[in-house]
Amino acid sequence: MKLPKELVNGFIIFIGIGLYFLLMELLGLADIYLLRLFNVLFVFYGTYKTLKSNFAEGKIILVSNAVSALLTALTGIFLSIIGLIIYSYVRGGDAYVGSLSKTFLFGGEPSVMTYSISLLFEGIVSAVIVTFMLMLYWDTRYSSDKHGAES
């Protein structure tokens, strides 16, 4: 049984974000908010890989490609948040999240779930933005190739 590319590439996003986070933790850089922004690169990579595969297979319908790309990104985000919740509880729960949240957007002392839900919303927004950006890239790329072939 072959797994759908959206699930496989979503899992690649999850592995990339997880390894990146563990490396930052190991190096003592997990509390630097700006470094956490690089997580989006893994979302770009996995989503790009899905769209590249779709176009290579001749799937050129904008809406179905957008759904495929968004499913890939959201799969990676949801798996990453589940991983973060599990990791946070293994490392001490709310006390561990408190050590991460020095630069937390809302301030205060967030719980594991509050922190995770906030990151989930952030992840969903980044998944949508990445999907739109990559759809514009691939649609423009395909359209220019199609028009160039007609001349």
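Some points to look at:
- Where N is the number of residues in the stretch 47-102, Cα Rg divided by 2.2 N^0.38 Å: 1.69
- Taking Cα centre as origin and charging only the Cβ of basic (Lys, Arg, +1) and acidic (Asp, Glu, -1) residues, the dipole magnitude of the chain rounds to 320 debye.
- Sequentially through the stretch 42-59, phi angles give Karplus couplings (6.51, -1.76, 1.60; θ = phi - 60°) of 6, 5, 4, 4, x, 5, 4, 4, 5, 5, 4, 5, 4, 5, 5, 7, x, 7 Hz, Gly and Pro residues having no value and appearing as x.
- Of the residues Thr75, Thr50, the one with the largest accessible area comes first in the ranking Thr75, Thr50, computed with a 1.4 Å probe on protein heavy atoms.
- Cα-based Lys pair tally, the chain, threshold under 28 Å, eight or more apart or on separate chains: 11
- Working from Cα pairs under 8 Å separated by at least six residues, relative contact order for the chain is 29 percent.
- Computed from backbone phi with θ = phi - 60° and the Karplus coefficients 6.51, -1.76 and 1.60, the 3J(HN,Hα) list for the stretch 9-18 is 6, x, 5, 4, 4, 4, 5, x, 5, x Hz; x is used for glycine and proline.
- Between helix 112-150 and the chain: long-axis angle, C-alpha atoms, 0 to 90°, nearest 10: 20 degrees
- Dipole of the chain, positive end: most advanced residue of Leu70, Ile86, Phe55 [Cβ charges, Cα centre]: Phe55
- Here the stretch 1-91 has 78 percent of its accessible surface on carbon and sulfur atoms, given a 1.4 Å probe and all protein chains in place.
- Here Leu37 sits with roughly 90 square angstrom of accessible surface, probe radius 1.4 Å.
- For the chain, radius of gyration divided by Kirkwood radius, i.e. Rg to Rh on alpha-carbons: 1.07
- Accessible area per residue for the chain is 60 Å², calculated with a 1.4 Å probe on protein heavy atoms, without ligands, DNA or RNA.
- Largest-first ordering by accessible area, 1.4 Å probe, given options Met135, Met113: Met113, Met135
- Among Ile124, Ile81, Ile129, the order of accessible area from largest down is Ile129, Ile124, Ile81, computed with a 1.4 Å probe on protein heavy atoms.
- Each helix, a run of at least 4 DSSP H residues, gives -39500 (n - 2.57); summed and divided by the residues of the chain, these come to -27000 deg cm²/dmol at 222 nm.
The values are calculated or read from the model by the stated rules, or taken from the named source; none is laboratory data. From a predicted model like this one, the values you see are computed outputs, not experimental measurements. Positions of Cβ are generated from backbone atoms using ideal geometry, with glycine treated the same way; all protein chains shown enter the neighbour counts. Each accessible area value is taken on the protein alone, full model and side chains, heavy atoms only, with ligands, DNA and RNA left out. Shrake-Rupley method; radii C 1.70, N 1.55, O 1.52, S 1.80 Å.
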